[in-house]
Amino acid sequence: MSKEPIPFLSLEPQHTQIKTAVQQAVQQVYDRSSFVLGEEVSAFEKEYATLHDTTFCIGVGNGLDALTMSLLACNIQTGDEVIVPAHTYLATWLAVSRAGATVIPVEPEESTFNIDVSKIEAAITPRTKVILPVHLYGQACNMTAILELAEHHKLFIVEDNAQAQGSRWLKTLTGSWGTVNATSFYPTKNLGALGDGGAVTTSSEDLATFVKQYRNYGLAEKNIAVYLGINSRLDEMQAAILRIKLRHLEAWNEQRRELASLYLEQLKDVGDIVLPLSDKEAYHVYHLFVIRTAFRDKLSIYLAERGIGTMIHYPVPPHLQKPYKALNFRKGDFPLTEKIAETCLSLPLWPGMTAQQVERVCKGVREFFQ
């Protein structure tokens, strides 16, 4: 078995596959000399909206801006509350804070890592305005139940789809369930640019118009502003690259699922490992393959010594981060979130990874527990 290092993530197989097409697309943008909100952005927006069966897609500068603008489009005001997962990347919470609202964390399901829908209703108050589900690690949240709650309480839904492009709940793509939804095209995502990028999807013309204007200085027309907007526009070259990658997304996601199935089979009943569970109604696209073990840190070191990369998503929950000290959360306030943070470990998984590489990772894990 090869002893070549296995990185946590390699983009090389994907980029080798599309290298010629990407170079040609970039050359065309270069020759056209139209670099901001040109025809590539417009074409990508149409293609991404069509994929999600939403009327509109608006390309923006990054995922955090996409989330923030989605919340602002819901007319968030100071004092409004947004229900968020306690277990998520910090950016989800930051978007709520940037929009001027208050985060109301809800614990995850231990089995899927996603927000526990059974706990959402208890968190709703008269100040609640939005439910913000995160399709974490590539698995869709229970959008049927979330939609029922939102309709009953007259709340907006803003999906954070940054880790789940191509994922589905009941055969409907994530990023199309909510009132307005956000995604990120950071290079490591299932659909990643070669730099920062993001997008907002919605079928509301009013919300789409707001985001289009807000991303571009708040301009309704040249030199005429209607909002105190920002400058956050999807780059024309990134859009050209994303258009090429979008054609491969389904095949790459299928590769991720095949690799995940190998992990699930080969790591079954190994040590104290808790394997990720896929909800039967969800089409999981495995942005990350996350296991849990009480020996997480020792296992990570053991694998690193054997040339196998791993990562931790995420070692410090948002409620224990310094920026949220003013909310007076304490260790123990969200025990399941903290337990996951202390025991989770992400194993290597990427399109182009081989079955032999997965076998070697699993062999290393089994040897550690033996």
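Quick one: in the stretch 147-186, of everything that is aliphatic (A, V, I, L, M) and closer than 20 Å to GLY63 by Cβ, which residue is nearest to the chain's Cα centre (by Cα)?
In this case the residue turns out to be ALA162.
Kindly list, by first and then second residue, each pair from a residue in the stretch 213-224 that is basic (Lys, Arg) to a residue that is not in a strand (DSSP E or B), limited to pairs with Cβ atoms under 6 Å and residues at least 6 apart or on different chains.
Within 6 Å, the pairs are ARG215/SER232; ARG215/ARG233.
Would you mind stating whether ILE230 is surrounded by 21 or more Cβ atoms within 10 Å (Cβ to Cβ) and either touching a residue at least 40 places away in the same chain (Cβ under 8 Å) or in contact with a Ser or Thr (Cβ under 8 Å, 6 or more places away or on another chain) (or both)?
No: the conditions fail for ILE230.
Kindly check whether there is at least one residue in the stretch 239-250 that is touching a strand residue (DSSP E or B) at 6+ places or on another chain (Cβ under 8 Å), farther than 19 Å from ALA164 by Cα and in a helix (DSSP H, G or I).
No; the residues of the stretch 239-250 include none that is touching a strand residue (DSSP E or B) at 6+ places or on another chain (Cβ under 8 Å), farther than 19 Å from ALA164 by Cα and in a helix (DSSP H, G or I).
Just to be sure I understand, how many residues within the stretch 51-73 are of a type in the set (S, T, N, Q) and under 18 Å from VAL130 (Cα atoms)?
Number of matching residues: 2.
Quickly run through the stretch 273-296 and pick out the residues that are aromatic (Phe, Trp, Tyr) and within 15 Å of LEU170 (Cβ to Cβ).
TYR283
Got a sec? Which of THR188, THR183 is in a loop (DSSP other than H, G, I, E, B) and either at pLDDT 95 or above or farther than 14 Å from PRO133 by Cα (or both)?
Exactly one residue qualifies, and that residue is THR188.
Yes or no: ALA304 at negative phi, in contact with a Ser or Thr (Cβ under 9 Å, 6 or more places away or on another chain), surrounded by fewer than 19 Cβ atoms within 10 Å (Cβ to Cβ) and among the small types (Gly, Ala, Ser)?
Spelling it out, ALA304 is indeed at negative phi, in contact with a Ser or Thr (Cβ under 9 Å, 6 or more places away or on another chain), surrounded by fewer than 19 Cβ atoms within 10 Å (Cβ to Cβ) and among the small types (Gly, Ala, Ser).
Among the residues of the stretch 30-61, what is the count of those that are more than 12 Å from LEU242 (Cβ to Cβ) and in contact with a helix residue (DSSP H, G or I) (Cβ under 9 Å, 6 or more places away or on another chain)?
14
So which of VAL226, VAL211, VAL274, VAL270 ends up being under 21 Å from VAL158 (Cα atoms) and modelled with pLDDT of 95 or more?
VAL211
Looking only at the stretch 34-71, how many residues end up being modelled with pLDDT under 95 and assigned to a helix (DSSP H, G or I)?
Residues meeting the conditions: 2.
Is it the case, given these coordinates, that VAL290 is modelled with pLDDT of 95 or more and over 30 Å from VAL96 (Cβ atoms)?
Against the criterion (modelled with pLDDT of 95 or more and over 30 Å from VAL96 (Cβ atoms)), VAL290 does not qualify.
Which of the following residues is at positive phi, under 17 Å from the mean Cα position of the chain (by Cα) and in the same structural domain as ALA73 (by TED's automatic domain parsing): GLY138, GLY198?
Matching residue, one of GLY138, GLY198: GLY138.
The values are calculated or read from the model by the stated rules, or taken from the named source; none is laboratory data. Because the structure is predicted, anything quoted here is derived from the model rather than measured. Every residue, glycine among them, receives a Cβ derived from its backbone with ideal geometry; neighbour counts consider all protein chains shown.
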